[in-house]
Amino acid sequence: YTVGLRPTPADGFSAIGRPRNRDGLYVAVTHSGVTLAPVVGLFAAQEILNGLRDPLLAPYHPDRPTLT
């Protein structure tokens, strides 16, 4: 039986950040949750609290062309 479905971006890569036109929402969807959790948590906290988006997250914005 299925306990739950894991969200997976269409292109298979992580989606991390604030989607446009969705005030108050921040997403962090990734396949490698255990290995990436520390750095994703750090980058997400910096962006949420200080508005500073790490350049390493640029390819993983939730509104990238391959996902829209």
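The values are calculated or read from the model by the stated rules, or taken from the named source; none is laboratory data. Please read all numbers here as calculations on a predicted model, not as lab measurements. All Cβ positions, even for glycine, are placed from backbone atoms using ideal geometry, and neighbour counts span all protein chains on display. To get the accessible areas, we keep the full protein, side chains included, count just its heavy atoms, and leave off ligands, DNA and RNA. Shrake-Rupley method; radii C 1.70, N 1.55, O 1.52, S 1.80 Å.
Things worth noting here:
- Within the range 4-14, the residues that satisfy the criterion of being open to solvent by less than 60 Å² (accessible area, probe 1.4 Å) and farther than 19 Å from L52 by Cβ are G4, P9, D11, G12.
- Residue count for the range 25-68, restricted to those that are over 13 Å from the mean Cα position of the chain (by Cα) and of a type in the set (A, V, I, L, M): 3
- Each residue in the range 22-53 was checked for being assigned to a loop (DSSP other than H, G, I, E, B) and either of a type in the set (F, W, Y) or closer than 19 Å to P9 by Cα (or both), and 6 of them qualify.
- Neighbours by Cβ (under 6 Å, 6+ apart or cross-chain): first from the range 27-49, within 17 Å of D63 (Cβ to Cβ) and open to solvent by 50 Å² or more (accessible area, probe 1.4 Å); second of a type outside the set (S, T, Y) and assigned to a helix (DSSP H, G or I): A28/V40; A28/A44
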